Amino acid sequence: MSIDHYENFPVASLLLPRRLRRAVTDIYRFARAADDIADEGSATDEERLSQLAAFRAELHRIGAEPGTTPEPGSPELAGIFVPLAATIARHQLPITPFYDLLSAFEQDIGVKRYEDYDTLADYCTRSANPVGRLMLHLFEATNPQNVSEADAICTGLQLVNFWQDVRVDWHKHRVYLPQEDLRRHGVTDEDLAACRLTPAWRDLMAFEVERARALLHFGAPLARRLPGRMGLELRLVVQGGLRVLERIEASGYDVFMNRPELGAKDWAIMLWRAIT
């Protein structure tokens, strides 16, 4: 699918079964549009929250009349919610994960710092994990073990995105690195603003990279259990996260000036690891 954002991880790729590509695209369109409301442009916080409230109202409409075609108030909303309603009905998807995603995007507007890892992980349970759970429903593979491992993969990938985007998020006045970790390692806001590659920064990032890697490794068995192309797709996604972490390490943890972008060589390595 054509997207306007650089992504390190595949979305609705040709590896997915044809019967699921439309559903994945509809879910991605919803998440991408809502995330952009929270992140992009020059709107005020009040305007962003109002736009997300319109998304919430459309979800209410879908939930109140399952299986019916919603009648959104604008062409933009119709382009998102008409196909999404059809996908939810066709695949009998739960609607709670969509509300969870909106909750996380609303939180992004007002919350700029996270005191500890537990509060950051709570955010990830709503900003990332719902997508994995929706994928399990599409694959008809929802069970406690699969959900636990999917949550680990999604949270791990969310952390990878945070670590590679430290500088990008700083310019949005956000710091996803837990404040207690910054204090423990002796890294200050002044260090972040000045992009200082100090020994303290490298120690901090080595700790955070290993935290994300552990989550991805914990969830990786799920990708081996899912059959066929679905499993290969997920193995590639996991390998993408692990490869970004390797690139961060290879740069000496300089995510300020060397944000990792995966190229042809990286994809070849990821594919080899995914199929072996």
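Values for this structure:
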| quantity | calculated |
| --- | --- |
| DSSP loop trypsin sites (Lys or Arg not before Pro) with at most 15 other Cβ within 10 Å: longest gap in the chain | 1-111 |
| Region 143-154 - phi-based ³J(HN,Hα) in whole Hz, Karplus 6.51/-1.76/1.60, Gly and Pro as x | 8, x, 5, 4, 5, 4, 6, 5, 4, 5, 4, 5 |
| Percentage relative contact order, region 111-275, counting C-alpha pairs under 8 Å, at least six apart | 26 |
| Degrees separating the helix 45-64 axis from the principal Cα axis of the chain, which is the longest one | 40 |
| Computed helical MRE - 222 nm, the chain, DSSP H runs ≥ 4 contributing -39500 (n - 2.57), nearest 500 | -23500 deg cm²/dmol |
| Rough spin-label spacing in nm, given labels placed 7 Å along Cα→Cβ, for Thr44 and Ala64 | 2.8 |
| Acute angle (nearest 10 degrees) that the helix 117-127 long axis makes with the longest principal axis of the chain, alpha-carbon atoms | 30 |
| Region 78-100 residues near the modelled Arg18 label - backbone nitrogen below 20 Å, point 7 Å along Cα→Cβ | 87, 90-91 |
| Region 16-38 and region 171-242: distance between their alpha carbon centers, rounded to Å | 24 |
| Angle in degrees between helix 264-275 and the longest Cα principal axis of the chain, rounded to the nearest 10 | 70 |
| Solvent-accessible area per residue, Å², over region 111-275 with all protein chains present [probe radius 1.4 Å] | 44 |
| Normalised contact order of the chain, rounded percent, pairs of Cα under 8 Å and 6 or more residues apart | 18 |
| Near-label residues of region 41-56 by backbone N, under 16 Å of a point 7 Å along Cα→Cβ of His173 | 41-49 |
| Length added when fully stretched, Asn143-Lys265, from 0.36 nm per residue minus Cα-Cα | 40.4 nm |
| Whether region 101-206 is rounded, prolate or oblate, judged on the alpha carbon gyration tensor where a/c under 1.5 counts as rounded | prolate |
| Gain upon complete extension [Asp254, Tyr28; 0.36 nm per residue less C-alpha separation] | 78.4 nm |
| Percent carbon-and-sulfur accessible area, region 212-276, ignoring ligands, DNA and RNA, probe 1.4 Å | 62 |
| Whole-number percent relative contact order across region 209-276, with pairs defined as alpha carbons under 8 Å at least 6 apart | 31 |
| Per-residue ³J(HN,Hα) for region 95-112, Karplus 6.51 cos²θ - 1.76 cosθ + 1.60, θ = phi - 60°, Hz, x for Gly and Pro | 8, 4, x, 5, 5, 4, 4, 4, 4, 5, 5, 5, 5, 4, 6, x, 10, 10 |
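The values are calculated or read from the model by the stated rules, or taken from the named source; none is laboratory data. Just so it is clear, the structure is predicted and the values come from calculations on it, not from any experiment. Cβ coordinates were reconstructed from backbone atoms using ideal geometry, including for glycine residues, and neighbour counts include every protein chain displayed. Note: areas computed on protein heavy atoms with side chains; ligands, DNA, RNA excluded. Shrake-Rupley method; radii C 1.70, N 1.55, O 1.52, S 1.80 Å.
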